[in-house]
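Just so it is clear, none of the values below were taken in a lab; they were calculated from the coordinates. These figures come from a predicted structure and were not determined experimentally. We place every Cβ from the backbone using ideal geometry, glycine too, and count neighbours over all the protein chains shown.
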Amino acid sequence: MRRPSTHDAIVIGAGPAGASAALALARRGWAVAIVEKSAFPRRKVCGEYISASNLAVLDRLGIGDAWRAEAGPEIRRVGLFCGDSSIEAPMPGVRSGPAARDGFGRALGRDILDSLLLDAARSAGAEVFQPWRAVAIERDGGRQAVRIEDEKSRDVAMLLAPVIVAAHGSWEPGPLPSQLEKQSRPSDLLGFKAHFTGSSLPPDLMPLLTFPGGYGGMVMADHGRMSISCCIRRDMLVRLRGSLARERGGHVSAAEAVEHHIMATCRGARAALQQARLDGPWLAAGPIRPGIRAGYEKDIFRVGNAAGESHPIIAEGISMALQSGWLLALELGAAAGGQGQREAAGRRYGAAWRGLFSTRVLAAEAIARIALGPGGAALMETVVRNFPPALTLGARLSGKTKPVPGLTDARLARS
């Protein structure tokens, strides 16, 4: 085992939530260690759309211009592809504040975004352990001790810090106190994602897809890649695979069944994908765990999906990840003392998290319940067909124009 190393904070997970928190803290002068189990670049199950309100955060983190150079086209229309219907409405833009420079959101693959953030954190002074996995957290006096293992060599190291930032997401169970227990239910929503090239999807349109047993979305991302992501109930997926296997007379993968189901039941998606080519394999993950969890407990601060997760039906996952990391850095920056100050920071962070995200979590839950319920997709299609501005209103309620707090805080200025 290596000699223990001491830090001000240890961030477990280098996705947008963990990397943004680590980067903001490192710029403030904190000694930060980042533990990431996967080698980068790597693709993730993710819709990849980033609302315009986040671009001022990316500027403060020092990667805004690099993000703009790589991201796909501005998304100026939101849509609904349901059965044979394709309905569109304007996407609400950001018209005031620091984010008004951009106005509309865009999409960038996680293979590029995550590398941009992690490279910036490393350049700001964060020590990166990759690919290493955190396997245990124990109290060591006034500090936390995180045991990590090298994914390749099985080398072991111990990291010490008073603050742990849990940014490992909610989908993967594990031994850490911040990780969720593994459960398996027929109603679980499993996530799938793929990139396609040659799609005919209009470059400025981001449609919501609804289909029996699930929902999804499509968006033009970077370098001509169209990103499609979706969730489907476990029991529906089992039935689809069995039915398609009998039809084809052989084994059918989960991804094959999902793609076939979307193409068969959603005309708008079928038209967009008809001449498209799959760019890399389908990815799968989940189940998703929507809901709000404790943001702080015993010197462990949760960000991203570990802190709370909305149904991806509103396409706000990356926004919530980036902004939660930013919020936590704001509050931790004022907690230079002992555990009492960290506990106070945890309470402030929890309140700020709920103030910024609870409405979109609840809105996503309501929309997903309708979409997944009996006759729900038809109901949504009827409402939107008769009142297309409902799409614009839904995008606004999901937080796509909501300003991010703390952008004028000089303490987190780019160095």
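Think of it as helices only: each DSSP H run of n ≥ 4 in the chain is worth -39500 (n - 2.57), and spread over all residues that comes to -11000 deg cm²/dmol at 222 nm. Each 10 Å bin from zero holds the following percent of Cα-Cα pairs in region 341-383: 26, 29, 21, 15, 8, 0. The tail of the calculated P(r) for region 118-268, taken as Cα-Cα distances beyond 19 Å, holds 69 percent of the pairs.
Cα-Cα pairs above 22 Å in region 214-342: how many percent? Value for region 214-342: 54 percent of Cα pairs lie more than 22 Å apart. Translational diffusion of region 1-108, estimated by Stokes-Einstein from the Kirkwood radius over alpha carbon pairs at 37 °C in a medium of 0.692 mPa s, is 198 µm² per second. For Ser184 and Arg396, the difference between the fully extended length at 0.36 nm per residue and the C-alpha to C-alpha distance is 73.0 nm. Taking θ as phi - 60° and the Karplus parameters 6.51, -1.76 and 1.60, the scalar couplings of region 20-26 work out to 5, 5, 5, 5, 5, 5, 5 Hz in sequence order, x denoting glycine and proline.
Label-to-label distance for Glu343 and Arg369 is 3.6 nm, based on points extended 7 Å past Cα in the beta-carbon direction. Given +1 at the Cβ of Lys and Arg, -1 at the Cβ of Asp and Glu and no other charges, the dipole of region 8-112 around its Cα centre is 180 debye to the nearest 20.
Please arrange His260, His7, His195 by counting, for each residue, the other beta carbons lying within 10 Å of its beta carbon, fewest first.
Numbers: His260 17, His7 20, His195 25.
With the sparsest Cβ surroundings first, the list reads His260, His7, His195.
Quick one: P(r) of region 264-415 from all Cα-Cα pairs, 5 Å bins, percents rounded to integers, in order of increasing distance. That works out to 2, 8, 14, 16, 16, 14, 12, 8, 6, 4, 2, 1, in percent per bin. Label-to-label distance for Ile292 and Ala69 is 4.0 nm, based on points extended 7 Å past Cα in the beta-carbon direction. The stretch between Ala284 and Arg239 holds 14.5 nm of extra length on full extension. This uses 0.36 nm per residue minus the Cα-Cα distance.
Annotation: amide H of Gly286 within the under-5 Å range of Gly191, sequence separation 5 or more or interchain, hydrogens built in the peptide plane.
Dipole of the chain, Cα-centred, from +1 at each Lys and Arg C-beta and -1 at each Asp and Glu C-beta, to the nearest 20 debye? List each step's numbers first, then the result.
Working: 52 positive and 39 negative charges, 78 e Å.
The dipole of the chain has a size of about 380 debye.
Computed on the Cα trace of the chain, the radius of gyration divided by the Kirkwood hydrodynamic radius gives Rg/Rh = 0.97.
With neighbours defined as other Cβ atoms within 10 Å of a residue's Cβ, the residues Glu88, Glu151 order from fewest to most as Glu151, Glu88. Taking only alpha carbon atoms, region 75-161 gives an Rg to Rh ratio of 1.23, where Rh is the Kirkwood radius.
Beta bridges per DSSP, both residues in the chain: antiparallel share near 70 percent.
I want the local charge near Leu190. Using Cβ-Cβ distances under 13 Å, sum +1 for each Lys or Arg and -1 for each Asp or Glu among the other residues. Numbers along the way, then the final one.
Values: positive: Arg185, Lys193, Arg233, Arg234, Arg241, Arg289; negative: Asp188, Asp235.
Net of charged neighbours comes to +4.
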